[in-house]
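Written below as structure tokens is the structure these notes are about.
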Amino acid sequence: MLYVVATPIGNLKDITLRALEALKEVDFILCEDTRVTRNLLNHYEINKKMISYHHHTDEKKMAEIVELIRNNKVALVTDAGTPGINDPGGILIKALKQEYKNIKIQEYKNKDEEDIRVVPIPGPCAAIAALSVSGFPTDEFLFKGFVPHKKGRQTFLKEVLGAEMTVVFYESCHRIIKCLEEIKTLMSADKNTDERGYREKELVIGRELTKKFETIYRGKIQEVLERVKSDPVKGEYVIIIH
Ligand code: SAM
């Protein structure tokens, strides 16, 4: 059995009672960076064996983890927020479901063998936290994950700007200024200056949400760019474009 447990995106108090119960109940906790998760567990005086699971976990280790989940109660957490939302969580769930399919294909002897239960324990998510304070329409929105570092960057940004709904995505502090400058350039290249034009689009940027230096920047691209530049450019960012 696998509990997919959302953990804080900064403020350690942002954890649900169910999440704490699950972390106390399980035999093992799969986590991205054991130091980050240890900090959380220490805060809540939870002492559990942690097993690291991340983007670079190889196939052999993955098979061991699947076996572990089959025979134990396991929790999956990531460094921040909801596992599976633009982090390695999704790959593990896919592997579990694939494993179940394989079992069925091989006509597994034990007819009582059930699908491995995967139980969500919902909670914080950086994209949703930022959207919740954006004031932008959220009846439909597009979540785009991280801006690609190199290849596909321009296509990604053009798609974001061309979307006819609120778009939310992540960018690292190392490229946030570059990203906003690129958005500005693409916006200036847009000939359409009426109210549906790129240039009129509003942005909200959530920096270090729920943390000590939480900042929410709102406005048109030039305003937001200047304000982001004038603050220390560090921490974590979510960008939303209306
Ligand atoms: N699964 C996570 C979630 O539910 O939020 C997202 C994982 S993604 C690998 C990590 C990215 O989320 C960071 O690089 C940053 O863009 C964003 N993020 C995480 N915590 C944040 C915070 N406190 N404030 C702003 N953005 C944050």
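The values are calculated or read from the model by the stated rules, or taken from the named source; none is laboratory data. Note that the coordinates shown come from a computational prediction; the quantities given were computed from them, not determined experimentally. Note that each Cβ is placed from the backbone with ideal geometry, even for glycine, and that neighbours are counted across all protein chains shown. What goes into the accessible areas is simple: the full protein's heavy atoms, side chains included, and nothing from ligands, DNA or RNA. Shrake-Rupley method; radii C 1.70, N 1.55, O 1.52, S 1.80 Å.
Some observations on this one:
- Using every pair of separate Cα atoms, the Kirkwood estimate puts the hydrodynamic radius of the stretch 2-124 at 14.8 angstrom.
- Folded to 0 to 90 degrees: helix 34-43 orientation relative to the chain principal axis, Cα: 80
- Neighbour cut-off at most 15 other Cβ (10 Å), DSSP loop, GluC sites (Glu not before Pro), the stretch 1-105: 45
- Of all beta bridges that DSSP places with both ends in the chain, some 50 percent have antiparallel geometry.
- Entries of 73/97; 24/60; 13/94 with Cα pairs more than 22 Å apart: 24/60; 13/94
- Straight-distance crosslink candidates among aspartates and glutamates, where the alpha carbon sits under 16 Å from residue 151 and sequence neighbours closer than 8 are dropped: 159, 171, 182
- Ranked packing of 5-11, 222-228, 136-142, most packed first, by mean Cβ within 10 Å: 5-11, 222-228, 136-142
- If both residues of a DSSP beta bridge must be in the stretch 127-241, then about 80% of such bridges are antiparallel.
- Relative to the longest principal axis of the Cα atoms of the chain, the long axis of helix 153-162 makes an angle of roughly 70 degrees.
- In degrees, nearest ten, helix 221-230 long axis to first principal axis of the chain (Cα): 70
- For the stretch 123-242, the Stokes-Einstein estimate of translational diffusion at 4 °C and a viscosity of 1.567 mPa s comes to 90 µm²/s, using the Kirkwood hydrodynamic radius over alpha-carbon pairs.
- Heavy atoms of residue 173: accessible area, 1.4 Å probe, square angstrom to 10: 30
- Net charge of neighbours whose Cβ lies under 14 Å from the Cβ of residue 82, counting Lys and Arg as +1 and Asp and Glu as -1: -3
- Global size of the chain as Cα Rg and Dmax, reported in angstrom: 20.7, 67
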